[in-house]
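Nothing in this text is a laboratory measurement; each read-out follows from the coordinates by a stated rule. Every value quoted in this text rests on a predicted model; they were computed, and no experiment measured them. So basically every Cβ, Gly included, is an ideal-geometry build from the backbone, and we count neighbours across all protein chains shown.
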Amino acid sequence: MGNNHSIRGRVAAPFLLAGLMAGAGLAGEASAKPLVNGGKLLLTRGVSAVEGSGGGGLSTWALITGNETEDGVGATAFVTHAPLPDYDLTVVGAAVGLRDRFEISYAHQEFDTGATGPALGLRGNFTFVQDVIGVKVRVAGDAVYDQDRLLPQIAVGAQFKQNTQSNVLRAIGAGNDSGVDVYLSATKLLLAQSLLLSGTLRYTEANQTGLLGFGGDRNDGHSLQVEASAAYMLSQRFIVGAEYRTKPDNLLFAKEDDAYDVFAAYAVSPNLTGTLAYVDLGDIATREGERGIYLSLQVGY
Amino acid sequence: MRILLLSAMILSIAAAPRARAEEKPVAPYTQSNANAGARPLEGTAVFDAMNGLDGIQRIVDDLVDHSVADPVIGDIFVNQDIARLRRTLGEQICYLAGGPCTYTGRTMADAHKDMGVTTRDFNVLVEHLRAAMDKEGVPFVQQNRLLARLAPMHRTIVEPR
């Protein structure tokens, strides 16, 4: 088995990043005008998903992060914390949006097993750690302005994930300590209905988004998973919604469930968004019913 | 004397509407409701929510006042015919909101030609329109129905840079 995918991931990441930079450069050449930063409507940059990409909380959306329009550069940074019954999930990350078309993101996830660790055969406070680098490009449509068309905003992206706990991952039956997710996402604001809908198809082998490694002794290899979100705008600043995310079930030692949440996001200002959610991640590593509060703060420029 | 003055004022208003009197001449163009750039909403729910003609004119006046004074987009309105803008924008919103109005202004492409409007400018104006509708007490869902008709105009108003 070894770590074949980590090699593939490390080769593919810089290659894709180079392509992305070249694309952004071309866009810059086409217009000699100076950058105009900021200018997006409130909340239309989305919040930060657990993997660092612009989206909801659990799911990645086709929206590009940052407050920039097609004329500028924007950025976001976030911290997310979900104290679950048997674990603590903490994520910090940042992302850059280029001309509302390209997005590059980074997330650092820590999954602390706390007092549960020894029961799983791990030391106390054993923490699974994962880094995720994401790239996303908007390929069609405009979620906000195309109110006279059914075509949603469509984006494609990849997330390069590297988990640092190779030995433990091998012991629990995971095939690799790194993996690549690729996804196709479609997001549409139905403004006349005050509704935002988003769907994402993700081709992944990540166990618990990669916190428990990639592939495994039950299933090895990528599978197609689905993310769906719906949000209702109560005001320009305040949206409530729900998300559902299917996940692979690759490991023999513990079954993996789909995840869902209900959330409320509030734009305190154009530069600060807070998200409060109730999240149900199902069973994780033999522990049942991992559900609880999910808190996220995002700053954006 | 006071009565005389008052009746003179009333007469002058009746004889020539204030807005028209202040407008500058424009190059001839074909008038049509199609120039409004979108299909009007069905029913009068949004028009009613905006408190009819009077409400719409208050919203437009507030929107124009704040836009002209705005540090980001104010420059766009320098040397523009603001009196004409107040009238035609009022007509356009009334028409699109399902009100009993005829739009007599130019197309969105003609009216914004060479203004160099950016997406950020467009969005600043949307914010002012939202604020003006909030002030008028227009419910959020009705605001969104109107804005959904205006949003695609982004394609013609914002020029590729």
Tell me the trypsin sites (Lys or Arg not before Pro) within segment A:177-244 that lie in a loop according to DSSP and have at most 16 other beta-carbon atoms within 10 Å.
-> A:R218, A:R237
How many lysine pairs are close in the protein assembly as shown, with Cα atoms under 24 Å apart and the two 8 or more places apart or on different chains?
-> 13
Per residue of chain A, what 222 nm ellipticity follows from adding -39500 (n - 2.57) for every DSSP H run with n ≥ 4, rounded to the nearest 500?
-> -3500 deg cm²/dmol
In which sequence would B:L85, B:L146 go, from the one with the fewest C-beta neighbours within 10 Å to the one with the most?
-> B:L85, B:L146
Apply the Karplus parameterisation 6.51 cos²θ - 1.76 cosθ + 1.60, with θ equal to phi minus 60°, to every residue of segment B:109-125 and state each ³J(HN,Hα) to the nearest whole Hz, in sequence, with x for glycine and proline.
-> 5, 5, 5, 10, 4, 6, 7, x, 5, 9, 4, 4, 4, 4, 6, 4, 5
Residues whose built amide H sits under 5 Å from the amide H of A:R218, excluding neighbours closer than 5 in sequence, are A:L251, A:L252
Neighbouring Cβ atoms within 10 Å as the yardstick, rank A:L276, A:L63, A:L43 fewest first.
-> A:L276, A:L43, A:L63
Residue by residue, what Karplus-based ³J(HN,Hα) values in Hz, rounded to whole numbers, does segment B:100-107 have, using 6.51, -1.76 and 1.60 with θ = phi - 60° and x for Gly and Pro?
-> x, 10, 10, 8, 10, x, 7, 5
Residues whose placed amide H lies under 5 Å from that of A:D257, excluding near-sequence neighbours | A:D283
Gained length - A:V240 relative to A:L151, 0.36 nm times residue gap less alpha-carbon distance | 29.7 nm
For segment B:27-157: span of alpha carbons on each principal axis (Å, largest first) | 35, 34, 25
Long-range HN-HN contacts of A:L190 with modeled amide H, under 5 Å | A:L195, A:L196, A:L197
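With each run of n ≥ 4 DSSP H residues scored as -39500 (n - 2.57), what mean residue ellipticity at 222 nm is computed for chain B after dividing by its residue count and rounding to the nearest 500 deg cm²/dmol? Walk me through the intermediate numbers first.
Numbers: 9 runs with 92 residues, N = 161.
Value at 222 nm, helices only, nearest 500: -17000 deg cm²/dmol.
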Would you mind ranking B:Y95, A:Y301 by Cβ crowding within 10 Å, fewest neighbours first?
-> A:Y301, B:Y95
Based on the Cβ-Cβ distance from A:N167 to A:A77, what FRET efficiency comes out when R0 is 30 Å, to the nearest 0.05?
-> 0.45
Just round it to a whole percent: the fraction of Cα-Cα distances in chain A exceeding 35 Å.
-> 16 percent
Report the calculated FRET efficiency for B:D61 and A:K33 (r = Cβ-Cβ distance, R0 = 25 Å), to the nearest 0.05.
-> 0.15
Short version: ³J(HN,Hα) in whole Hz for each residue of segment A:215-222, in order, from phi by Karplus 6.51 cos²θ - 1.76 cosθ + 1.60 (θ = phi - 60°), x for Gly and Pro, what are they?
-> x, x, 7, 8, 9, 10, x, 6
What net charge is computed for the residues neighbouring B:P71, neighbours being all others with C-beta under 15 Å from the C-beta of B:P71, Lys and Arg scored +1, Asp and Glu -1?
-> -4
Give me the angle, in degrees from 0 to 90, between the Cα long axis of helix A:4-30 and the longest principal axis of the Cα atoms of chain A, rounded to the nearest 10.
-> 10 degrees
